Amino acid sequence: MESPQIEMGAFKANGPQGQNGGLRSTSSMVQSLNPRRTIERVLRSIRIVIFTSKLNLLLPFGPATIVLHFAAKGHGLVFLFSMLGITPLAERLGYATEQLTLYTGSTVGGLLNATFGNATEMIIAIYALKNGMIRVVQQSLLGSILSNMLLVMGCAFFVGGIVNRNKDQVFSKATAVVNSGLLLMAVMGLMFPAVLHFTHSEVRQGASEVSLSRFSSCVMLVAYTSYLYFQLSGRSNVYSQIGTEEMPNEDVAEEDEEAEIGMWESIIWLAVLTLWVSILSEYLVNAIEGASDSLNLPVAFISVILLPIVGNAAEHASAIMFAMKDKLDITLGVAIGSSTQISMFVIPFCVVIGWIMGQKMDLNFQLFETATLFITVLVVAFMLQDGTANYLKGLMLILCYLIVAASFFVHVDPHSSDG
Amino acid sequence: MMGAEKAELGLEGEAAGSPLPATKMQPLDFEHIGPLATVVESLSGRSKWRRALTSVRVVIFKAKINVLLPFGPLAVMLHYLTGKHQGWVFLFSLIGITPLAERLGYATEQLACYTGPTIGGLLNATFGNATEMIISLYALKNGMIRVVQQSLLGSILSNMLLVLGCAFFAGGLAHPNRDQVFNKASAVVNSGLLLMAVLGLMFPAVLHFTHSEAQYGKSEVSLSRFSSCIMLVAYASYLFFQLKSQRSLYSPIGEEEETSEATEDEEDEKEITQGEAICWLFVLTIWISVLSGYLVDAIQGASESLNMPIAFISVILLPIVGNAAEHASAIMFAMKDKLDITLGVAIGSSTQISMFVIPFCVVVGWMMGQQMDLNFQLFETATLFITVLVVAFMLQEGTSNYFKGLMLILCYLIVAASFFVHVDPNSSDNK
């Protein structure tokens, strides 16, 4: 079929047409049904997707987890292995999404990115929700925001600053300010139920927070939809430098994004990877309690610090890479965009799903985490305002993250029944 | 800070030295001209005496602030003669330390002229807040942990509100026709760093107040110690970064006064020799230590006899001493329309206290076995965070006028009043 063309890095023009047989006749369709061809294509696809990424060395940890789970039931190891196993899958999921967006238009591509960008966090959160581990959900999502703002940005600034040692790196102040303003508003929307609870002023203790949280979540989802609409409708041309939805022409032109795999292949891979991530997430979530005991770490620490590492691994790597190439706008877009998405979409979505499932998931993060989140977002938003970055700033962010991590290490939930 | 004072001396010698030419020549006569004869001369008793006297004259009698010097010995005498009247002892030692702190700054600058920019920067960074450090270490030794926390926090508040406010106010009055401008970029960068430093300091306090530490009492201390080590690492990299990047971006901020701008502009005169500078550094430090000992011992008694809460004394009165020199130089630079240096002094000093002095005190307390931690009380923590945030935000605009200065001063008065009616929830910590 069109395999030779695809192999040579077929470009967008050829891809869709060729695969759907737009230009050829029935003969190609007959050919495509040929089993040998299919196997060839499958093998090549596997080769491209699996073997070209170095991160995939971690792939065997996935099956190893399952084996361990059934064999030894050593929770600490199961937890660690599944974490290591999910990481490459999350990264490949991002890759497959990118590839797919090359085929779809920019609109659908943007939506895809927005949805699948945090797919890993969502899957983990939903499993935890199913198990009734509400605190784990809250903490892991909050930790993901913290990790994005402090660790990912810090590492990116630090590495970028060292690589470009001779000058301060600059980024578009306007976009950074706008994006951090949005994030701040999203965080504000999330915080009110918690503030209500901690000023002990809710009408019906316990019940009002949940209702308020559900209401706020619906409002946040509406906000998110309009945010997407605003970004995708081209109105945000000013923000086109932020490569969150990776379809700005800049990105495509500069990085020579070739559709490395066909559209259907991407879709299939998307499905396969999501399935794999789900399976491993289940083991991961089930092992949290046991891991906390055997590794002697507080559950809070595991949820806030360790779990987000998995979800953010792909963004982490790409943010650092873009910073090294002196494309800080994209880095900021990745980091802030991901945080905004989590606060405006994933968290409210989990509340709604919890509502549907009958779980009492609410936005009532504990006071410490709420204060930490607010302070962090405020400080980072402030720090981004001058439009420059250097390795000192990156180092400071990383060190702040270490302090936050250490605080969670000695932190126990006041209501440890949710542990 | 240091750069400011050096500049102060260089430019007009307002505070020090009218007969500049004569002073300048002294070192030349004795050190740089002539062979063995000078060496022999310098070793001769009489000329050594002369040099010592000259040095004393330059260092002590040139600065107008040194009229306060006699208060130091007075404080000591009072302490031994009466044994009570702690209020007076406290006040006198307070007044007595002030000129010493200023001269310490002067001696550091002078020394920094001789060493290279790197060591000069390090010197400034270390001795810049020497007075605060010495007072804190004494208080720590006495187990007065709250005093340490409050005095250092008060020093940051004083820098951000009082020093900046007075500088903006005085500068605004001196230039009534227009708004003064300063370099927005460096102000924002510096306040961003300060904000991050304050962030690092706050987490143990936040942890405590959300009542969520794992082992009540113990984990705050461990977390504080861990955070302090991290902050010290951050400070070291901050120094490294500043000293490595002598870039024009930051040179208007005269914090490391070795930047060529500062040097050229202000005609660094070496008024005393290197050896003399080192000697003076020692002498002044020893004097300050002695007086600080009396100061700290008198705090309790002063609080009772003067009828003021200890919190007020620690947060408002003690920092006046440490900040006196910076205060004076910040105002002077604002009047000369060099707001960048003023901001560098104020923000730089605050950053140094939060990134270096406070963590250093925690580590020293660790070594001493004192349970010093970063757990400032909720009121102070909230005050600090809000203040730094608001001032950092206000600096973003890049202009200043006397009204802004007045607002800052008034805010400081409100903060001071709050501490006047503030008691610690755990008043057993008051020691």
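Step through the residues of region A:318-326 one at a time and calculate ³J(HN,Hα) from phi using the Karplus curve (6.51 cos²θ - 1.76 cosθ + 1.60, θ = phi - 60°), rounding each to whole Hz and writing x for Gly and Pro.
6, 4, 4, 5, 5, 5, 5, 7, 6
Could you give the distance between the Cα centres of region A:278-298 and region B:324-364, to the whole Å?
So the separation of the two Cα centres works out to 49 Å.
Output ³J(HN,Hα) for region B:412-423: one whole-Hz value per residue in order, computed from phi by the Karplus curve 6.51 cos²θ - 1.76 cosθ + 1.60 with θ = phi - 60°, and x for Gly and Pro.
With coefficients 6.51, -1.76 and 1.60, one gets 4, 4, 5, 4, 4, 4, 4, 6, 5, 10, 10, 10 Hz.
In the structure shown, do any of A:LYS393/B:LYS338; A:LYS167/A:LYS393; A:LYS173/B:LYS184; B:LYS244/B:LYS336; A:LYS327/B:LYS184; A:LYS130/A:LYS360 have a Cα-Cα gap over 19 Å, and if so which?
A:LYS393/B:LYS338; B:LYS244/B:LYS336; A:LYS327/B:LYS184
Report ³J(HN,Hα) in whole Hz for each residue of region B:312-320, in order, from the Karplus equation J = 6.51 cos²θ - 1.76 cosθ + 1.60 where θ = phi - 60°; Gly and Pro get x.
Running phi through 6.51 cos²θ - 1.76 cosθ + 1.60 with θ = phi - 60° gives 4, 4, 5, 7, 9, 7, 4, x, 4 Hz.
Can you pull the mean other chain C-beta count within 10 Å for peptide A:366-378?
4
Can you bin region A:60-409 into rounded, prolate or oblate? Criterion: square roots of the alpha carbon gyration tensor eigenvalues sorted a ≥ b ≥ c, rounded for a/c under 1.5, prolate for a/b above b/c, oblate for the rest.
Rounded is the answer for region A:60-409, as its axis ratio a/c remains below 1.5.
Assuming R0 = 22 Å, can you tell me the calculated FRET efficiency for the pair A:VAL195 and A:MET357, based on Cβ-Cβ distance, to the nearest 0.05?
0.25
For region A:39-172, what does the convex hull of the Cα positions come to per residue, in cubic angstrom?
Convex hull of Cα atoms, per residue: 187 Å³.
Mind ordering B:185-194, B:361-370, B:154-163 by average Cβ neighbours within 10 Å, highest first?
Ranking, from highest mean packing down: B:154-163, B:185-194, B:361-370.
Estimate the FRET efficiency between A:LEU221 and B:LYS141 by the formula 1/(1 + (r/R0)^6), using the beta-carbon distance for r and 56 Å for R0, to the nearest 0.05.
E(calc), rounded to 0.05, equals 0.45.
If packing is taken as the average count of other Cβ atoms within 10 Å, what order do B:320-332, A:139-151 fall into, highest mean first?
Sorting B:320-332, A:139-151 by mean packing, highest first, produces A:139-151, B:320-332.
Summarise the partner chain shielding of A:335-348 as one whole number: the mean count of Cβ atoms from other chains within 10 Å of each residue's Cβ.
Per-residue shielding by partner chains comes out at 0.
Above 21 Å lies some portion of the pair distances; for region B:123-191, what is it as a whole percent of all C-alpha pairs?
Of all Cα-Cα distances in region B:123-191, 47 percent exceed 21 Å.
Which order, highest average first, do A:220-230, A:275-285 follow once you tally other Cβ atoms within 10 Å for each residue and take the mean per peptide?
So the order, starting with the most tightly packed, is A:275-285, A:220-230.
Quickly work out the B:GLU304-to-B:VAL283 label distance, labels modelled 7 Å from Cα along the C-beta direction, and quote it in nm with one decimal.
Result: 3.8 nm between the two label points.
How crowded by other chains is B:189-200, given as the mean number of beta carbons from other chains within 10 Å of each beta carbon?
Neighbouring Cβ atoms belonging to other protein chains average 6 per residue here.
Quick note: the coordinates plus some simple rules give every number you see, no bench work behind them. If you're wondering where the values come from, they're calculated on a predicted model, not measured in any experiment. Cβ: placed from backbone, ideal geometry, glycine included. Neighbour counts: every protein chain shown.
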